[in-house]
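Structure first, then comments.
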Amino acid sequence: MSTPILECIDLSKTFAGPTRLFKRNPLVTAVDRISLQVMPGETLAIVGESGSGKSTLGRLLLRLLTPSQGEIFYQGEAITQASGARLNQLRRELQIIFQDPFASLNPRMNVAAIVGEPLWLHSSLSARQRQEKVADLLHTVGLPAAWANRYPHEFSGGQRQRIGIARALASGPKLLLGDEPVSALDVSVQAQVVNLLESLKQQFGLTMIIVAHGLAVIRHMSDRVVVMYLGQIVEIAAVDDIFDTPLHPYTQALIASAPQLQPGVKRHIPMLQGDLPNPASPPSGCRFHTRCPHASDECRLLEPINQVLAGGRQIACHRWQEINRDRSVIDLAPPSAAFLRRRALFERAVKQRSITLSGEVTP
Ligand code: ADP
Ligand code: MG
């Protein structure tokens, strides 16, 4: 198996919440012990409701934010502590496209300056060569080179997003992360930008991470999907498996909540009810239990462990086998030692009735 281009192990990020008079800041763990791998050349989607920690995870992976805990590896090299020249190099190779192209483009710079800035900073090209390169990049993203002396406000949303993409390409990235890259665009323009990203991926041999709260976009673009809920991963699977046989009740609800995906198909899975709980005080046990139609006592008390299934599929749900009994059989890899240890601890605790109300399991 090839080395992942990006990998994180046990990655966490905790923020201090908003300050309130005479009150301690509640801490928000936006990303909570996440481990995942991004393989070279793939498009990995990260999905989940707004507030689930997708943007934070993306920024951590690109070293735009410093993790509170955990390790990040780029092509096998630990980059968690990278700084100085190495960090600058990494920033060039790992590029981001933002949701709101207007907010991310300096309104006082013209397109030539915006797209040319990374070249000016990171290359030894002459002014003339830079100008040619900018023209090239604009052409690559489907904009006339003659527009180089225009300013961001003169463009439509879709065109501005193309400028943002040209800028990201200028430093010769290996990986491109799109944080809701089309969410702010008109539906009619979304498909054009999606197509552009796909063709750039082929043309430059890029790896992509696409962060999205909606499923429609990622179905067509991604190879694998990571589903997040309140800072944790609940399921990882190939894109077709996510849509055809979602195993986690949250993934099932997300898909059921997106009716346009399967017009005419009768809905037999309940849609997502209620709001995301407050991330500063997430529910005990399985974080999804307050909205899950299948929640049991075990779910309220014990945090599920991520189980790896055949084919690299991952699921973090106590009851996924019962819930999906009528679906085709999926081989379960042998449970890990950590899983067996926690399971034994839980069973012993249940026997001794030593479970406290907070959901802590006391041995
Ligand atoms: P998503 O991209 O899935 O909508 P985010 O990663 O933006 O989620 O946010 C996850 C959680 O972390 C939210 O509760 C959010 O309020 C909190 N958060 C994100 N960034 C910060 C920050 N800079 N300071 C404090 N809290 C933050
Ligand atoms: Mg976000």
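The values are calculated or read from the model by the stated rules, or taken from the named source; none is laboratory data. Bear in mind the structure is a predicted one, so any value in this text is a computation, not a measurement. Every residue, glycine among them, receives a Cβ derived from its backbone with ideal geometry; neighbour counts consider all protein chains shown. These area figures cover heavy atoms from the full protein model, side chains too; ligands, DNA and RNA do not enter into them. Shrake-Rupley method; radii C 1.70, N 1.55, O 1.52, S 1.80 Å.
Side notes on the structure shown:
- Spin-label model, Glu154 to Asp297: label points 7 Å out along the Cα-to-beta-carbon direction sit 7.0 nm apart.
- In the chain, helices alone account for a calculated mean residue ellipticity at 222 nm of -10000 deg cm²/dmol, with every DSSP H run of four or more residues adding -39,500 (n - 2.57).
- Spacing of the two label points (7 Å from each Cα toward its C-beta) at Ser2 and Phe102, in nm: 4.0
- Region 86-121 and region 1-69: distance between their alpha carbon centers, rounded to Å: 22
- Overall size of the chain from C-alpha positions, given as principal axis extents largest first: 77, 50, 50 Å.
- Against the chain, whose longest principal axis is taken from its Cα atoms, helix 127-140 shows a tilt of about 50°.
- Taking every C-alpha pair closer than 8 Å and separated by at least 6 residues, the mean separation divided by the residue count of region 6-222 gives a relative contact order of 25 percent.
- Heavy-atom surface of the chain, accessible at 1.4 Å and reported per residue (Å²): 50
- A Förster radius of 56 Å, combined with the Cβ-Cβ distance separating Leu21 from Ser124, puts the computed FRET efficiency at roughly 0.55.
- Heavy-atom accessible surface of region 6-222: percent carbon and sulfur, 1.4 Å: 50
- FRET E, pair Met109, Gln89, Förster distance 25 Å, beta-carbon r, rounded to 0.05: 0.55
- Label zone at Ala258 (point 7 Å along Cα-to-Cβ), backbone N below 17 Å, region 183-214: 183-185, 187-188, 190-195, 198, 209-214
- Relative contact order of the chain, pairs being alpha-carbon contacts under 8 Å that are 6 or more residues apart, as %: 17
- 3J(HN,Hα) couplings calculated from phi for region 146-156 with the Karplus curve 6.51 cos²θ - 1.76 cosθ + 1.60 (θ = phi - 60°) are, in sequence order, 5, 7, 4, 9, 8, 10, x, 5, 7, 10, 7 Hz; Gly and Pro show x.
- Partners of Lys13 within straight-line reach, counting aspartates and glutamates whose Cα lies under 13 Å from its Cα and excluding those fewer than 8 residues away in the same chain: Asp32, Glu71.
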